[in-house]
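The structure appears right after this line, and notes come after that.
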Amino acid sequence: MKKQIEQIKSVAEKEIKKAQNSQAIENLRIKYLGRKGKLTQVIKKISQIPKGKGQRREMGILLNEAKKKIQLAIAKQNQIIKRKKKNKNTWIDTTAPGQLPPIGHFHPITLAFREIWPLFERLGFTLVSYPEIEWEWFAFEALNMPTGHPARDDFETFFLDVKPHSKLGEMVLTPHTSSGQIREMRRINPPVRMINIAKCYRLNWDNTHTPMFHQFEGLVIDKNINLTHLKGIFEYFTKNFYGPERKIRLRPFHFQFTEPSFEVDIDCPICHGRGCRVCKSGWHELGGAGMIHPQVLKNGGIDPKKYSGFAFGWGVERTYMMKSGLKLNDIRILYENDLRFVEQF
Ligand code: PHE
């Protein structure tokens, strides 16, 4: 009997190993372990072995082991077949393009910077950068904004809690890039062609204002510079930045440091200047500009009898948003680091 069990087991194992599909395995299971299976029949005979002498017990153990081995062989073979099937189905297309991992990109304001600057670089402008923390004199005084001017109120401008300078006044977070005008005039002799793109700070926090924002400031000083040059630069910038079909207009305005002064408007991309629900007037305001006031040139150490110039200062956020046609209900979203917003650029 011992031999018989051994033989059934080894034949069963061999046959199971050769089985190529789950049906074949199932048939073998029935053949050996089924109700009338070969091993089952031997198991049934165990009762015929006389009790005592431990023979019945020995056979019992052997049969159990054989049964377990056969069951194990079945399980293994089933797994092998399953794996083979799976491998057959996963065909790899080696010519398919790979999957790119997600890649980050620059913040919309950095993108704006990178688009604005090259346009002026082409015209021979120099990119400069001036202090974000500035003396009052550069930010106001030298720009014809004396003490008492409303912009110098601490409702408008951030003042630093440091000892004031005897001549330059208190320290402020620069409220506009125009302070760079004076610094540039003092740095080099004309001709001056400066572009200054920087952070500015004002005490405002609502849908259309953030306390920190960006401006780009242009400054051109040379002999015989006049209004037509200013207009020419704006035409060039708008046509290249916004597209050849867009128009600009200069609207008389007042700034202390330019005379005459203007606000620059661009026609609404939706109604082209006719007036619609979005723009109301047909135009969108881009920023300020004007011919440099002679006193400002003097403050910068330049002789207004010899030289003239113009300056402009526009908000980067506004300029860029107007390009993408994006109308933000709340521009503060620009600085909230919400990836759902930033990833749209
Ligand atoms: N500095 C002005 C502002 O912040 C803009 C401006 C710049 C106007 C240069 C005229 C010339 O509103």
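The values are calculated or read from the model by the stated rules, or taken from the named source; none is laboratory data. All values derive from a computational prediction rather than experimental measurement. Using ideal geometry, Cβ is built from the backbone for each residue, glycine included, and neighbour counts are taken over all protein chains shown.
Do we have Pro252 as within 13 Å of the ligand (Cβ to nearest atom), assigned by TED's automatic domain parsing to the domain that holds Glu141 and either without any contact (Cβ under 8 Å) to a residue 12 or more places away in the chain or in contact with a Cys (Cβ under 7 Å, 6 or more places away or on another chain) (or both) here? Yes, satisfied. Among the residues that make up the stretch 160-167, is at least one of them more than 15 Å from the ligand (Cβ to nearest atom), out of contact with any Leu (no Cβ under 9 Å at 6 or more places or on another chain) and among the basic types (Lys, Arg)? Yes, the conditions are met somewhere in the stretch 160-167.
Taken over the stretch 282-303, residues that are in a strand (DSSP E or B), more than 15 Å from the ligand (Cβ to nearest atom) and surrounded by 20 or more Cβ atoms within 10 Å (Cβ to Cβ) amount to 1.
Restricting Arg56, Arg83, Arg29 to residues that are exposed (fewer than 12 other Cβ atoms within 10 Å of the Cβ) and either part of a helix (DSSP H, G or I) or more than 52 Å from the chain's Cα centre (by Cα) (or both) narrows the list to Arg83. Evaluation of Ile116 against the conditions (1) under 19 Å from Tyr201 (Cβ atoms); (2) within 16 Å of the ligand (Cβ to nearest atom) shows that the sole unmet condition is (1). The condition (being surrounded by 14 or more Cβ atoms within 10 Å (Cβ to Cβ), at pLDDT 95 or above and in a helix (DSSP H, G or I)) is satisfied by just one residue among Met194, Met185: Met185. Restrict the check to the stretch 311-329 and report whether at least one residue is outside any loop (DSSP other than H, G, I, E, B), free of Cβ contacts under 8 Å to residues at least 60 places away in the same chain, within 12 Å of the ligand (Cβ to nearest atom) and assigned by TED's automatic domain parsing to the domain that holds Glu184. Within the stretch 311-329, one or more residues are outside any loop (DSSP other than H, G, I, E, B), free of Cβ contacts under 8 Å to residues at least 60 places away in the same chain, within 12 Å of the ligand (Cβ to nearest atom) and assigned by TED's automatic domain parsing to the domain that holds Glu184. The number of residues in the stretch 241-252 being surrounded by 14 or more Cβ atoms within 10 Å (Cβ to Cβ) and under 29 Å from the mean Cα position of the chain (by Cα) comes to 3.
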